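Working notes for the structure below.
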Amino acid sequence: MFSIHVDTAQSWRGGQNQVLLTVLGLRKRGYRAGLVAHPRGDLFRQASEQVPGLDLFPVAARSDIDLFAAWQFSQLLRRSKPDLIHAHDARAVAIASIGRFIAGRTLTPPLVVSRRVDFSIGQNVFSRWKYQQALHFLCASSAIQNILVSDGIPDNQTSVVYEGISLERIEHAPPLDLHKEFRLPQGAPVVGNIAALAPHKGQKYLVDAAALVVRAMPEVRFLIIGSGELEGALTRQIRELNLGKHVVLTGFRADVLSVLKSLDIFAMSSVTEGLGTSILDAMAAGRAVVGTRAGGIPEAVLDGETGLLVPTKDENSLADALLTLLRNPSKRHAFGSAGQERAYALFSAERMVDETAATYHAQVDTNSEADNELSRKPH
């Protein structure tokens, strides 16, 4: 089976890592997989470096209704004739849908869509049309599946395939001396957050919670790892709360798994979250997690077993949960061990790719039956 994967983002976030893991995993299993990505994007660069011989196609989509990008995609369909298209973000769904329309009915392989965000699909005319072109939706969590069904997507056109993580990469990542790297006081407990600095990740609430934690335990330090639009606002908030010595914005780190393995607690303060691959990484690394009840997070973190969950936008509850684990190392370690076992059982990239491939086969078979039925009808 030959699948074409479409992702339009220029930045590197969890979704782009999922695309690359999927393509790598499919190729490892003997499938042919091509990738359409932004030529100046991080996914295009990493794919070209890590996957020799990959069918890699540069398409720079500037908007959902980019007719030139859609035409480029239609020509790709004509040349390559894939068995299936897999769109990995909302703009990719648009470009793939328009491209299939331009290519014509004889060159319209089934469209599978990954949905990794826990909010409703758009309800304008174009948004409804583009999602109607999808034969099936792969939902990163049951929370996302429920939202799609409530939006009118038939239940039998959705399935839950939890995101996957590279357990091998986590195992081989060397721990990092955080205190030396970031000039933290020796012995200081370290709480870490890994996410894009964006409003839906809720770091402003984590910084507010940090102020409360530091008031009770002045020795605690916080690392917020990532880059994004909120860097300036968070820098000002840290300064206004006099947390300059306690909260460090590290920016983007290529060695993020090494940082993760060296934390005492992983904190996720999201307001919305499809599932959260950094949470899965933290669990696989044996870190106890304090997270919010946003989206699919409760499907990853079992409250009271692998971590603690708190309401969204609630710095007081977040601070209380962090202090509970900071003051109880034995509970912290027990949560970390239980989380690691859960991550290995449920959230490996291998399991994700196997379930994705099985969905492909089911959808291609369904599409073939539908085409055969159509061809038998009198014209």
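Sorting Met352, Met217 on the 10 Å Cβ count, fewest up front, what's the list?
So the ranking, lowest neighbour count to highest, is Met217, Met352.
Counting other C-beta atoms within 10 Å, and keeping those with at most 10, which DSSP coil trypsin sites (Lys or Arg not before Pro) do you find in the range 161-215?
For trypsin sites (Lys or Arg not before Pro) across the range 161-215 that sit outside H, G, I, E and B with at most 10 neighbouring Cβ atoms in 10 Å, the list reads Arg183.
Suppose a student asked you for the relative contact order of the range 167-346, using Cα pairs under 8 Å spaced at least 6 residues apart; what percent would you report?
Taking the mean separation of contacting Cα pairs over the length of the range 167-346, I get 23 percent.
Over the alpha-carbon set of the chain, work out the extent along each principal axis and list the three values in angstrom, largest first.
If we take the Cα atoms of the chain, the spans are 77, 40, 36 Å.
Bin all alpha-carbon pair distances of the range 64-153 at 10 Å intervals from 0 and give each bin's fraction as a whole percent.
Calculated P(r), rounded to whole percents: 18, 51, 25, 6.
Kindly provide the pair-distance distribution of the range 167-346 built from C-alpha pairs, with 10 Å bins from 0 and whole-percent values in order of increasing distance.
In order of increasing distance, the bins hold 10, 43, 39, 8, 0 percent.
Can you give the calculated 222 nm mean residue ellipticity of the chain, where each DSSP H run of n ≥ 4 adds -39,500 (n - 2.57) and the sum is split over every residue, rounded to the nearest 500 deg cm²/dmol?
Dividing the helical sum by the residues of the chain leaves -14500 deg cm²/dmol.
Testing the spin-label approximation: label points 7 Å from Cα along Cα→Cβ at Gln50 and Leu346. State their distance in nm.
2.4 nm
Quick one: what are the phi-derived ³J(HN,Hα) couplings along the range 159-174, Karplus 6.51/-1.76/1.60 with θ = phi - 60°, whole Hz, x for glycine and proline?
Karplus values, whole Hz, x for Gly and Pro: 8, 9, 10, 4, 4, x, 10, 7, 5, 5, 5, 5, 4, 8, 5, x.
How big is the range 1-90 on each of its three principal axes, counting only the C-alpha atoms and giving the largest first in Å?
Result for the range 1-90: principal-axis Cα extents of 34, 29, 20 Å.
GluC sites (Glu not before Pro) within the range 240-346: which are DSSP loop residues with at most 14 other Cβ atoms inside 10 Å?
Here the sparse-neighbourhood loop sites are Glu305.
Please give the charge dipole size of the range 167-346, origin at the Cα centre, charges +1 on K and R Cβ atoms and -1 on D and E Cβ atoms. Round to the nearest 20 debye.
Result for the range 167-346 is approximately 440 debye, rounded to the nearest 20.
Mean Kyte-Doolittle hydropathy of 0.0 or higher plus an axial Cα length of 18 Å or more: which whole DSSP H helices in the chain meet both?
Going by DSSP H runs, the hits are 14-28, 67-80, 90-103, 203-216.
Taking the DSSP beta bridges in the range 167-346 as the whole, what percent of them are antiparallel, to the nearest 5?
Once the DSSP bridges in the range 167-346 are tallied, antiparallel ones form about 5 percent.
What is the Cα centroid distance between the range 174-216 and the range 303-355, reported in whole angstrom?
The distance from the Cα centre of the range 174-216 to that of the range 303-355 comes to 16 Å.
For a quick check of your reading of the filter: which chymotrypsin sites (Phe, Trp or Tyr not before Pro) in the range 86-145 sit in a DSSP loop and have no more than 16 other Cβ atoms within 10 Å?
When the chymotrypsin sites (Phe, Trp or Tyr not before Pro) of the range 86-145 are filtered for loop state and at most 16 Cβ neighbours within 10 Å, Phe119 remain.
Quote the relative contact order of the chain in percent (integer), defining contacts as alpha-carbon pairs under 8 Å separated by 6+ residues.
The normalised contact order for the chain reaches 15 percent.
Expressed as a whole percent, how much of the Cα-Cα distance distribution for the range 35-78 exceeds 17 Å?
Percentage above 17 Å: 34.
Computed from the coordinates by the stated procedures, all read-outs in this text should not be read as laboratory data. As the structure is a computational prediction, the values presented were derived from the model and not from experiment. With ideal geometry, Cβ positions are generated from the backbone for all residues, glycine too; neighbour counts draw on all protein chains shown.
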